[in-house]
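One structure is given below, encoded as structure tokens.
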Amino acid sequence: MDRPLTILGIESSCDDTAAAILRQPEEGPAEILASVVYGQTDLHAPYGGVVPEIAARAHAEKIDLSIEEALASSGVPLKEVDAIAVTSGPGLIGGVISGVMCAKGLSASLGVPLIGVNHLAGHALTPRLTDQVAFPYLMLLVSGGHCQFLIAHSAEKFTRLGGTIDDAPGEAFDKTARLLGLPQPGGPSVQSEATKGDPKRFRFPRPLLDRPGCDMSFSGLKTALLRQRDALIAEQGGLTLQDRADLCAGFQAAVVDVLAEKTRRALALYLEEAPSEPLLAVAGGVAANTAIRAALETVCAQNNVTFTAPPLALCTDNAAMIAYAGLEKYVAGQIDDMSLAARPRWPLDQTAPALLGSGKKGAKA
């Protein structure tokens, strides 16, 4: 690279409107000069989940503000941006369209390249941004809308080893929180309650552990918790605080066991490729769960595999990861034009069969 490159990243695939400025110097790792995220939690809280129409309107209102703030924070004038990278799928289509149309306008007015980025690739490539990890590595993307095991062979080639066939873990945590009257987002609420509970009082199912492979299912686990809650209410006329804590602890223990065992299986498949520096990277909001992270670290230690997870701000949806994925495509000469389309579904592994289901957090891919 004969000169520094500056990339503006835009992300609007679900319920976070984000913009970031990333600079790649002539030598050394890329630098995040600014990363701005406008969340929508308060807008969706009364409805118990993300409402696509509300999300799309909020993106349209905030996307230019997030870009202006990122530029101001970074000290980079808009005219010094070398390329625009934008999430063009998968996700809630209204939000994706907002980002893509804004990026097209900026690209046309500035006369700079437009780069459409797969949102999942943004997550999957984040360990290269934060830790400069080498290919190939195993990626577990575990969030509110997605849960997949991916072998990252390059910035453009991914092999999916398995994924959720229904609810993603984050969505299951959110639904569990709603069932128990806990605030959203559900992940932190359920984890907090679980620390006060007995994980052995209620034995919830561990879906698909009796079947080979790395696919997962969490919808039935949520249903099992619903039935146990209703049984307690029918038996004693309500739930005690200890009941709620024990339900959360049992639910979380089941999710941990499923993810740990499926990770063990995915690692076995990944290690068959004999990587020189075997590594498991985890990204997504659920990666912040301390019990899940501890279990994954244990599995990695047992298999002599390095474990890494980006900082939480880069695990959840953000535009810095989109800018970095766009940077990788830009350097490879993969540039889009004004025909770039917003896509609700966009699997990273084009050869793998489609995963089933579509949750409130976004379309599975």
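Out of A332, V258, T6, whose Cα points farthest toward the positive end of the dipole of the chain (charges: +1 Lys, Arg; -1 Asp, Glu; placed on Cβ)? Value computed over the given set: V258.
Note on A341/A313: beta-carbon distance plugged into 1/(1 + (r/R0)^6) with R0 of 41 Å gives a FRET efficiency of 0.90.
Magnitude of the charge dipole for the range 51-158, about its Cα centre and with charges confined to Cβ atoms of Lys, Arg (+1) and Asp, Glu (-1), is about 240 debye. Surface analysis of the chain yields an accessible area of 40 Å² per residue, using protein heavy atoms and a 1.4 Å probe. For M216, the amide hydrogen comes within under 5 Å of the amide hydrogens of G163, T164, I165, counting only partners 5 or more places away or on other chains and with H modelled in the peptide plane. Rounded to the nearest 20, the Cβ-based charge dipole of the chain about its Cα centre (Lys and Arg +1, Asp and Glu -1) stands at 1020 debye. As a rough guide to protection, the peptides 151-160, 266-275, 168-177, 125-134 ranked by mean Cβ packing within 10 Å, highest first, stand as 168-177, 125-134, 151-160, 266-275. Only lysine pairs 8 or more places apart or on separate chains count here, and in the chain those with Cα atoms under 18 Å apart total 11.
By its C-alpha gyration tensor, with a ≥ b ≥ c as the square roots of the eigenvalues, how is the range 159-207 shaped: rounded for a/c under 1.5, else prolate for a/b larger than b/c, else oblate? Note, shape of the range 159-207 comes out oblate.
At 1.4 Å probe size, with the rest of the protein present, what percent of the exposed accessible area of the chain is carbon and sulfur atoms? Answer for the chain: carbon and sulfur cover 53 percent of the accessible area.
Once the Cβ-Cβ distance of T298 and E273 is raised to the sixth power relative to R0 = 30 Å, the FRET efficiency obtained is 0.85.
Set the Förster radius R0 to 41 Å, insert the Cβ-Cβ distance between R57 and A354 as r into 1/(1 + (r/R0)^6), and round the FRET efficiency to 0.05. Write down the numbers at each step before the final one.
Details: r = 29 Å, r/R0 = 0.72.
After rounding, the FRET efficiency stands at 0.90.
Extension gain, V331 to Q236, is 27.8 nm, computed as 0.36 nm per intervening residue step minus the present C-alpha separation. Identify which of the listed values of P(r) over Cα pairs in 20 Å bins from 0, in percent was calculated from the structure shown: [x] 27, 54, 19, 1; [y] 31, 56, 13, 0; [z] 25, 48, 24, 3, 0. Of the labelled values, this structure produces [y].
Considering only V51, P77, L106, the residue lying farthest towards the positive end of the dipole of the chain is V51, judged by Cα position with unit charges set on Cβ. The residue list A301, A313, A268 was ranked by how far each Cα lies along the charge dipole of the range 254-365 toward its positive end, using unit charges on Cβ atoms, and A313 comes out on top.
Hey, if you drop one equal point scatterer on each alpha-carbon of the range 124-234 and run the Debye formula without solvent, what base-10 log of I(q)/I(0) do you get at q = 0.16 Å⁻¹? Cα-only, vacuum Debye calculation for the range 124-234: -0.85. What you get for the range 196-351, charging only the Cβ of Lys and Arg (+1) and of Asp and Glu (-1), is a dipole of about 580 debye around the Cα centre.
The values are calculated or read from the model by the stated rules, or taken from the named source; none is laboratory data. Computed from a predicted structure; not experimentally measured. A quick note on method: Cβ atoms are made from the backbone with ideal geometry, for glycine too, and the neighbour counts reach across all protein chains shown. SASA here: full protein model, heavy atoms, side chains in, ligands and nucleic acids out. Shrake-Rupley method; radii C 1.70, N 1.55, O 1.52, S 1.80 Å.
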